[in-house]
Amino acid sequence: AAQVNPWMISQLGLGPIARSMHTVSARECQEHFEESVSAQDLRRNFLFFSVKFGILHGVVTTPFVIATSALNPSVGFVGNATLNIFTMLSTFLVAPAVIGCLGLKPSILLGMCFYCVYAGLFAVAAWVCPVQQQLLQLALFTVASCSGGVAAGVLWTAQGGYFGRTVDLLVRKEGAERSELTSSLAGSFAFYFLGFEVTAKLLWSGLQRVGAEGWAIAAGFTLVGLLATLLMTQASNLSSADQGSSWRSKVTVATGLWSDPAVFLLSGLNLTFGFSAAFMNGYVNSKFTAVQIGPWAVPLFAAATALVAALLSKVLGAVAIRAGKGFVLSLGSLGFFCIASSFFMLDQSQGWNGWLLALYLMQGLGRAVYESTSKGVFADFFPGRAVGAFANCMLQSSSAFAMCFFLSDVLQGPELARIVMVLSVLTPLGYLSAVRLRALEQQRLAAKASGVQGGDAERAL
């Protein structure tokens with residue numbers, strides 16, 4: 001068969017046609033794979049994906065938790081706030097366009113690579129003496145945080161799309177209820193990725209306890225993250241509904257849902273988690289835990305948070321199927337409310353010491369709900385629009401993170417705690433309002449459909 005010269009294609013102006021044919025061919029291959037793959041293989045692939053994602057997440061995000069205690073405190077605050085600002089920008093502008101151009105799996109791999117850059121630069125920043133070279137440490141960690149923010153926006157948005165596509169395919173192949181699948185798969189994913197986070201934080205705390213330097217631990221963690229990224233290349237490449245659309249539609253995929261009030265009504269737990277996590281990482285870690293117990297206790301107690309979240313994520317997934325997601329969201333809100341209200345007792349006493357662990361355990365309860373049930377709720381409310389829905393999830397939580405870190409320099413602990421308390425009370429109310437709104441919309445659509453059918457019947461007579 002005659003072969004076409006690529007130079008001739010470019011000279012004849014056929015490049016766009018050739019690229020379009022290649023894109024169509026690749027999409028057809030994806031569609032053929034998704035039609036032929038079995039439900040059992042899809043579940044195995046999602047397990048493989050969850051494990052590799054969890055390993056990467058555990059080893060490269062531990063620096064975020066300990067930044068304010070391992071680096072110069074002001075450097076840690078600036079870096080963590082920068083990371084969340086870039087997460088918002090990445091979620092809003094970069095992630096949808098990248099996923100639309102590259103697809104889900106390549107976007108996930110790209111995000112994992114940027115996360116490894118974050119961990120590697122943190123290791124270099126921790127190696128720099130914070131007293132003599134604070135400006136250099138600030139510059140290194142700021143660049144690292146920019147990379148980490150881009151990574152978080154792309155990676156978590158793509159993960160949401162991958163999760164949503166897996167649910168779509170399993171609904172088609174198994175005929176199961178969508179809400180049950182989102183609860184079970186979200187709980188399974190949260191269990192594995194939180195479990196590896198526990199392992200990473202315990203390992204960091206143990207190595208630091210026996211005298212290992214922080215920069216050396218971070219360097220080793222970076223290598224593990226690179227290995228997880230390499231193994232992730234073996235995961236299946238699932239299609240995205242936004243792939244191949246126009247650039248404008250890619251960028252506006254997140255804002256396209258803003259006309260739906262449900263996006264904002266469901267934002268309660270995302271905002272509460274963002275404020276509470278930033279409050280714990282930026283305020284409690286540096287002002288209480290590191291001072292009363294020691295810097296080694298910060299990653300240890302953070303591991304307790306992740307451990308509780310990992311253990312409860314599967315349990316809460318089963319509870320959500322039986323009692324409903326609204327009940328589980330209320331439990332998570334209660335956990336965050338208890339943390340904030342406990343602060344007022346904590347602020348009156350400097351002798352909590354080991355009892356500080358109770359705050360981290362309650363944070364674990366709230367995080368279990370955030371990582372599993374809350375994301376399942378977004379998948380239920382926006383079927384077929386997973387990329388936009390999970391982009392809004394990241395946008396909401398990261399904006400709360402950034403606001404809390406910046407407000408930490410302006411407001412005192414009691415004011416930040418009150419914000420968490422108010423948001424935790426509003427969370428279940430927002431969910432109930434979103435459920436009622438969806439029910440009314442479905443009733444209107446059903447009434448409209450029956451009216452059209454009745455009109456057709458009359459015309460037929």
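The values are calculated or read from the model by the stated rules, or taken from the named source; none is laboratory data. Values in this document were obtained by computation on a predicted structure and should not be read as measured data. Cβ atoms come from the backbone with ideal geometry, glycine included; neighbour counts cover every protein chain shown. Just the protein is used for accessible areas: all its heavy atoms, side chains included, with ligands, DNA and RNA removed. Shrake-Rupley method; radii C 1.70, N 1.55, O 1.52, S 1.80 Å.
Applying a threshold of 7 Å to beta carbon distances and a minimum spacing of six or more residues, or different chains, the list of pairs starting in region 46-67 at a residue that is basic (Lys, Arg) and ending at one that is modelled with pLDDT of 85 or more and assigned to a helix (DSSP H, G or I) reads 52/228; 52/231; 52/232.
For residue 151, are the conditions met, namely being part of a helix (DSSP H, G or I) and either more than 15 Å from the chain's Cα centre (by Cα) or free of Cβ contacts under 8 Å to residues at least 40 places away in the same chain (or both)? Here the answer is no, as residue 151 does not meet what is asked. Taking the listed residues 144, 125, the one that is of a type in the set (A, V, I, L, M, F, W, C), more than 16 Å from residue 85 (Cα to Cα) and touching a residue at least 12 places away in the same chain (Cβ under 8 Å) is 125, with no other qualifying. Taking the listed residues 388, 384, 376, 354, the one that is open to solvent by 20 Å² or more (accessible area, probe 1.4 Å), modelled with pLDDT under 85 and part of a helix (DSSP H, G or I) is 354, with no other qualifying.
Residues checked against (1) open to solvent by less than 10 Å² (accessible area, probe 1.4 Å); (2) more than 30 Å from residue 40 (Cβ to Cβ); (3) among the hydroxyl-bearing types (Ser, Thr, Tyr); (4) touching a Lys or Arg at 6+ places or on another chain (Cβ under 9 Å):
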{"site": "92", "(1), (2), (3), (4)": "no, yes, no, no"}
{"site": "122", "(1), (2), (3), (4)": "yes, yes, no, no"}
{"site": "134", "(1), (2), (3), (4)": "no, yes, no, no"}
{"site": "172", "(1), (2), (3), (4)": "no, no, no, no"}
{"site": "193", "(1), (2), (3), (4)": "yes, no, no, no"}
{"site": "204", "(1), (2), (3), (4)": "yes, yes, no, no"}
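Of all the listed residues (330, 313, 259, 276), the sole one being part of a helix (DSSP H, G or I) and surrounded by fewer than 24 Cβ atoms within 10 Å (Cβ to Cβ) is 330.
Scanning region 161-180 for residues that are in contact (Cβ under 8 Å) with a residue 12 or more places away in the chain, more than 28 Å from residue 101 (Cα to Cα) and out of contact with any Asp or Glu (no Cβ under 7 Å at 6 or more places or on another chain) gives 174, 180. Within region 94-108, the set of residues being of a type in the set (A, V, I, L, M, F, W, C) and closer than 10 Å to residue 157 by Cβ comprises 94, 95, 98, 99, 104, 108. Annotation for region 262-270: at least one member residue is surrounded by fewer than 18 Cβ atoms within 10 Å (Cβ to Cβ), at pLDDT 80 or above and in contact with a helix residue (DSSP H, G or I) (Cβ under 9 Å, 6 or more places away or on another chain).
Restricting region 406-461 to residues that are at pLDDT below 80 and hydroxyl-bearing (Ser, Thr, Tyr) leaves a set whose member that is farthest from residue 370 (Cα to Cα) is 450. Taken together, 54, 13 contain a single residue that is among the small types (Gly, Ala, Ser) and at pLDDT 80 or above, which is 54.
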